[in-house]
Amino acid sequence: MNRPFPDNTFIFHESVNAAYIIDLYSADYIMIEETFADVVNEYPSLMEGIEAAWLSGDVPALKRAVHKIKPLFGFVGLTSIQAQCLHFENACETTPSLPSLTSEFTLLKNTLIQTRSIIEKEKERLALFNSR
Amino acid sequence: MNLSCIIVEDLQVAANYLIKCCEKSNLVEVKGHFTNVPDALLFVNENTVDLIFLDVEMPGPNGFELLDQMAFLPKIILTTSKKEYAYDAFEYRVTDFLKKPFTYERFLESLRKVQAAPNTPAPVAETTAAAETEASDHIYIKSDGKLIRLSNDSILFIESMGDYVKFVTADKKYITHNTIKNLEDKVSKQHFLKVHRSYIVNLHKIDDMRENCLFISGAEIPVSKAFRPIVISRLNIL
């Protein structure tokens, strides 16, 4: 029989900074699950904000929209995505023309779409772990 | 439970996390969560709290603009870490900064700072001074090593210059060591109104007002969104 949580420990997805998240929540897995659920709920509206800012061609608005979603990744231990958002914010400052941001934006957008899926799956796994 | 608080934060995840920390601590009762400054202002105009967890960057007026309009000043914990707010934070006597996301231990440390911080003294002396100012048609300011008498009617507006303020009259400008925040309570409320973090204007001297600014003797003065309704309510609009 395949046991989903060997040794009764929760192993986070490889992209999640597990040490950081355990420290942040003092290993309170109920609180971790609830926060992942909150992030899943808020994610779509923040992504819509980024998409709308991109389509409007307003670079400062795009920077603000990315700045706004950035703390979410801290709450779920995705510190590398936080860093990627910050990098993009800096790019908006130094390269304030939309066409020159295209490749970096596409990369960020794809990352954010994949990340949403990771957070959703982790939330499901956490719910399963907490319901044992 | 010995502290009451509100949370002013537009990011729902951050607000929920703060609420959980408050509940877990059993030290703070959350009286409300607001995602923007106008809603928070409506609440604090009717209720008193000990503490505000305050985000700075929000849609519409920012967190400091809330503090500008409050009749009382509770303890403040800023939930931001941007260094550019350090000066404002100092001026508003913010008790602590929490960088999102923060650990529960760090949250408790902030609460300890709040509990240890002295209460904002009741402004008895300032109130007396303000009452006297209401009855008086002038003020005295220290400038160029002397006390200068300025009639309320002669002052067009007062502008912040960091640790100094500039009193602008029709024919002269006087620079004195003071802050807009301090002067706000001391000048005659019949004559003067704060319209922006950096400006107090003489209501009787406004020539015209537009969307985000007003004009006094040719000077363009910004009006914060949060202050605009107050300014309009004080103008004698037919």
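None of the figures in this text is laboratory data; all of them are computed from the coordinates on show. Because the structure is predicted, anything quoted here is derived from the model rather than measured. Cβ atoms come from the backbone with ideal geometry, glycine included; neighbour counts cover every protein chain shown.
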Distance in nm between residue B:113 and residue A:103 label points, each 7 Å along Cα→Cβ, equals 4.3
17 Å Cα-Cα reach of residue B:166 towards lysines, excluding residues that sit fewer than 8 places from it in its own chain: B:142, B:146, B:181, B:186, B:194, B:205
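Using only helices, what value at 222 nm comes out for chain B when you add -39,500 (n - 2.57) per DSSP H run of length 4 or more and divide by the total residues, to the nearest 500 deg cm²/dmol?
It comes out at -9000 deg cm²/dmol, rounded to the nearest 500.
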Choice from A:77, A:57, A:49 with maximal GNM fluctuation in chain A (Cα, 10 Å cutoff): A:57
Let me have the 222 nm mean residue ellipticity of chain A computed from DSSP H runs of 4+ only, each contributing -39500 (n - 2.57), with the sum over all residues rounded to the nearest 500. -26500 deg cm²/dmol
First measure r as the distance between the Cβ atoms of residue A:79 and residue B:72, then evaluate 1/(1 + (r/R0)^6) with R0 = 35 Å and state the FRET efficiency to the nearest 0.05. 0.35
From the P(r) of the stretch B:3-116, can you give the percent of Cα pairs sitting at distances over 19 Å? 37
Residue A:8 label point, 7 Å along Cα→Cβ, cut-off 13 Å on backbone N: hits in the stretch A:109-130? A:130
Report, to the nearest 10°, how far helix A:59-75 tilts away from the longest principal axis of the Cα atoms in chain A, using its own Cα long axis and a range of 0 to 90°. 10
Contact order relative to length of the stretch B:125-234, as percent, for alpha carbon pairs under 8 angstrom and 6 or more apart: 20
Order of B:98, A:128, A:72, A:78 - criterion: other Cβ atoms within 10 Å of each residue's Cβ, fewest first: A:128, B:98, A:78, A:72
Determine the equivalent ellipsoid of the protein assembly as shown by diagonalising the alpha-carbon gyration tensor, then write out the semi-axes as square roots of 5 times the eigenvalues, largest first, rounded to whole Å. 46, 25, 16
If the cut-off is a Cα-Cα distance under 26 Å, which lysines reach residue B:24, setting aside same-chain residues fewer than 8 apart in sequence? A:70, A:123, B:75, B:99, B:100, B:113
Return the distance in nm (one decimal) between the two label points of a simple spin-label model at residue B:213 and residue B:47, each offset 7 Å from Cα along Cα→Cβ. 3.9
From the C-alpha coordinates alone, can you work out the Kirkwood hydrodynamic radius of the stretch A:22-130, in Å? 14.5
Give me log10 I(q)/I(0) at q = 0.07, 0.09, 0.13 Å⁻¹ for chain B, Debye formula, one equal scatterer per alpha-carbon, no solvent. -0.27, -0.44, -0.85
Expected output is a single nm value to one decimal: the length gained when fully extending between residue A:132 and residue A:87, i.e. 0.36 nm times separation in residues minus the C-alpha distance. What is it? 12.2 nm
For the stretch B:24-57 and the stretch A:28-79, compute the distance between their C-alpha centroids and round to whole Å. 23
